[in-house]
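Chemist: This is the structure I have questions about; it appears just below.
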Amino acid sequence: MNARHLIIHGRVQGVGFRASLAWEARRLGLTGWVRNRREGTVEAVVCGDEAAAVRVVEWARGGPPGARVERIDVEVVTAECHGFELRPSV
């Protein structure tokens, strides 16, 4: 399945970014996962409908209140996703 792998840079930890991204992805019918990374970024994989994946990437450019997104690295990947997980930090 086509998926998007995202690395979100900026002030994106400690502002509810993971939970908000998971909520938005589920709302759009996407599956995948999201987690914080030690260097301060948020990493996510979203799987599902192409238009919905594009919409969640656009949402992530702004993020939740309190976030300050500097940039998003997006890569199209192949992944199998079931449900949407909040994964532990790495």
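The values are calculated or read from the model by the stated rules, or taken from the named source; none is laboratory data. No experiment lies behind these values; they were computed from the predicted model shown. Virtual Cβ from ideal backbone geometry, glycine too; neighbours counted across all protein chains shown. Side chains included, ligands, DNA and RNA excluded: accessible areas come from the protein's heavy atoms. Shrake-Rupley method; radii C 1.70, N 1.55, O 1.52, S 1.80 Å.
Chemist: Relative contact order of the chain, please, whole-number percent, based on alpha carbon pairs below 8 angstrom and at least 6 residues apart. It would help to have the intermediate numbers written out before the result.
Modeler: Values: 199 pairs, mean separation 42.1, N = 90.
Over the chain, the number comes to 47 percent.
Chemist: Of 70, 50, which has the most accessible area with a 1.4 Å probe, and how do the rest follow in descending order? Please list the in-between numbers first.
Modeler: Values: 70 130, 50 95 Å².
Most to least solvent-accessible, the answer reads 70, 50.
Chemist: For region 41-90, what does the accessible surface come to per residue with a 1.4 Å probe? Please give it in Å². Before the final figure, lay out each step's value.
Modeler: Numbers: 2890 Å² over 50 residues.
I get 58 Å² per residue for region 41-90.
Chemist: Work out the FRET efficiency for residue 5 and residue 68 from their Cβ-Cβ distance, taking R0 = 22 Å, and round it to the nearest 0.05. Mind dumping the intermediate values first?
Modeler: Working: r = 22 Å, r/R0 = 0.98.
The pair residue 5/residue 68 has a calculated efficiency of 0.50.
Chemist: Oh, and also: Once the Cα atoms of helix 50-60 and of the chain are each reduced to a long axis, what angle between those two axes, in degrees from 0 to 90 to the nearest 10, is obtained?
Modeler: Between helix and principal axis, roughly 0 degrees.
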